[in-house]
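Below is one structure, written out as structure tokens, with a few remarks after it.
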Amino acid sequence: MIDHVRVFAEDIAAGLDPGEKALFAGQAHYTHGHEDLGRTDRSVSFDPLNGAQWEPANSAVERLVGGTTLIGFPGCLAQRLAAAAHTNLVLTDQRLLVGSYGDGPLRVEWAAPRTDLVEIAHRPRFLQVGRVEVGFADGSAVRLMLGMFSPRPAKRLVAAFRDG
């Protein structure tokens, strides 16, 4: 398992604020599942290709297959993190960041201060042992994948959040 904080130390440090210290860095992805954004759509529609569509039934299938992956409201912190989480996640002593590194200095695409984070917890599922939940102070939460077959990156992120 590659320790991105050590291997990419110069790239990550170059994109951080003065005095900020990286505690965890690794690949993270948002995998779509059931998204609960406060919708109350109970309508039935008909699509010529897919047939009748009933939102409560569609949501139940999404929850069964992929689990609930996003809880919140339109524009919440979790939704913004989910939209950005397609590359690397960096947890520092001051912020949670999404960005890219490895081909130069860290380029931050999304950031939230640590004060906006309530929890980072390991929430594995079948074939998703590296799944974590990031909970925010605005009441929203998102589940990210840090690996399918090994829980180690997820456990390292949780430990870095707890100890940092």
### Message
Counting other C-beta atoms within 10 Å, and keeping those with at most 10, which DSSP coil chymotrypsin sites (Phe, Trp or Tyr not before Pro) do you find in the range 67-133?
### Response
PHE126
### Message
What is the sum of charges, Lys and Arg at +1 and Asp and Glu at -1, for the other residues whose Cβ falls under 14 Å from the Cβ of ALA9?
### Response
-2
### Task
Quick one: what are the phi-derived ³J(HN,Hα) couplings along the range 91-98, Karplus 6.51/-1.76/1.60 with θ = phi - 60°, whole Hz, x for glycine and proline?
9, 10, 6, 10, 8, 10, 10, 10
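Only the coordinates and a few stated rules stand behind these numbers; no lab work does. In this text, all values refer to a predicted model and were calculated from it rather than measured experimentally. Cβ sites come from the backbone with ideal geometry, for glycine too, and all protein chains shown count toward neighbours.
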